[in-house]
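See structure below.
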Amino acid sequence: MITKGRRAIAGDLALYALSAAFAGVTAATSTLVPHRAWGAVAVVGYTIAAGAAVVLLFSRYADSLPARTVVSAFAWATTALLPMVIQAAQRAGGRTDRAQEEVVVIEHGGQRLLDHGTPYLRTDEIAALPSGEQLLGYLPYQPGMALFGLPRALAGVAWWTDSRVWFALVTAVVLGFAATLLVRGTALLRAMQFATVLPVCALTLATGGDDIPVLALCLCALALCAAARYGAAGVAVGLAAALKLFAWPVALVLLVHAWPRDRRLAIGAITLPILALIPAAVLDSTALLDNVVRFPLGEGVVESPAQSPFPGYLIANNLPGGRVIAGALLVAAGLAIAVWMIRRPPRTAADAAKVCGIGLLAAILLMPSTRFGYLLYPVAFLMWVPALRLPALREPS
């Protein structure tokens, strides 16, 4: 008889086996050196995790959630944390090909924040840089992201001052706390796997990493909403929105969800991103706009490297007036999501996660400049829906 536990382990096995194949192909074929380095390490971790899943499948621990959790934690440690630490150490030792551009960009932003009070340079200042450094002069994130660059700015070059180490630390703490808010079971474990072990998440954390703490904070905000802790949810999503624009649509969805129930969510969700923007806007509003608005819209000195061949990018670059068409489609998708929320407001945290997942998926597919890695957001949101339907029984705080 095939038990529920064995079916769940079979799902784990499929995840680890397919991930091992992905890591192997990445190690052999990727044009990005940090990605190849990740794949060479991660393929071993995924393979061992798959072997452990096979052992569990045919053992008396087939229905053991703790055993599956241990294997999942091992998979994250060996496919995300270990390759990240290896690359950080090699980079500190002088390798210049052991991090994606965003790591360098964020650390430069941290140094500028420490020196000048703002992490941004103006377009004319970026244009004056050598051509090979102009892309690294942009910081297309919200001001809070530069905080992850402060350890290197304060303590100098070391493996532990690499911004990815701090991305990982924040992610582990935030996701660990989110897990305590929900019922332990296969749904929660699967949700955690799709925020950590899934190759697009593990690869991103090991080589770049800036999206992972943003995702973790958004997922934590959803878990807090599921536990009716709306004030804390506002703080979590507000912190995410102070790091990256991708969290702003999530904050909007959660505001719609929470408004009839507890308006305290709005305090953190609105004020924290604004407070993060104020110093940069006061010190140099032009530099802020050049980095956060104009560069992502393609009006910078150099083009954004976010050019995955999704429909929006293909339309923008291959049709007459393509950028206008892609922009119109993106606006239309946004309006459709808005109509959906007006007609059927998200009544539960699970509903809110579903809206976030579908909305961000549409946006990623239709944006003129986008990355394959951004898919980690909608995938994680949608995979968290079942877990968010089962909040732990506790009194709201």
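What are the pairs, 6+ residues apart or on separate chains, where a residue within the range 296-311 that is within 18 Å of residue 142 (Cα to Cα) has its Cβ under 7 Å from a residue that is open to solvent by 60 Å² or more (accessible area, probe 1.4 Å) and hydroxyl-bearing (Ser, Thr, Tyr)? The qualifying pairs do not exist here.
One line per residue, one yes/no per condition, for (1) open to solvent by 10 Å² or more (accessible area, probe 1.4 Å); (2) more than 14 Å from residue 377 (Cβ to Cβ):
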site	(1), (2)
172	yes, yes
181	no, yes
185	yes, yes
188	yes, yes
216	no, no
223	no, yes
227	no, yes
230	yes, yes
239	yes, yes
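Against the conditions (1) modelled with pLDDT of 95 or more; (2) closer than 30 Å to residue 379 by Cα, residue 118 satisfies every one except (2).
A count restricted to the range 238-261 and to residues that are part of a helix (DSSP H, G or I), free of Cβ contacts under 8 Å to residues at least 40 places away in the same chain and of a type in the set (A, V, I, L, M, F, W, C) stands at 7.
Residues in the range 92-111 that are open to solvent by 30 Å² or more (accessible area, probe 1.4 Å), assigned to a helix (DSSP H, G or I) and modelled with pLDDT of 95 or more: 92, 104, 108, 111.
Only one entry in 235, 292, 214 is touching a Leu at 6+ places or on another chain (Cβ under 8 Å), in a helix (DSSP H, G or I) and modelled with pLDDT under 95, namely 292.
In the set (1) touching a residue at least 40 places away in the same chain (Cβ under 8 Å); (2) in contact with a Phe, Trp or Tyr (Cβ under 7 Å, 6 or more places away or on another chain), the condition left unmet by residue 264 is number (1).
For beta carbons closer than 8 Å, sequence separation of 6+ or different chains, a first residue in the range 146-164 that is assigned to a helix (DSSP H, G or I) and a second that is among the basic types (Lys, Arg), the qualifying pairs are 146/112; 159/91; 161/152; 163/152.
Among the residues of the range 27-75, write down those that are of a type in the set (S, T, N, Q) and buried (at least 21 other Cβ atoms within 10 Å of the Cβ).
Across the range 27-75, the qualifying residue is only 72.
Of the residues making up the range 196-210, just one is in a helix (DSSP H, G or I), closer than 23 Å to residue 349 by Cβ and open to solvent by less than 10 Å² (accessible area, probe 1.4 Å), namely 201.
The values are calculated or read from the model by the stated rules, or taken from the named source; none is laboratory data. In this text, all values refer to a predicted model and were calculated from it rather than measured experimentally. Positions of Cβ are generated from backbone atoms using ideal geometry, with glycine treated the same way; all protein chains shown enter the neighbour counts. The accessibility values were calculated without ligands, DNA or RNA, using every heavy atom of the protein model including side chains. Shrake-Rupley method; radii C 1.70, N 1.55, O 1.52, S 1.80 Å.
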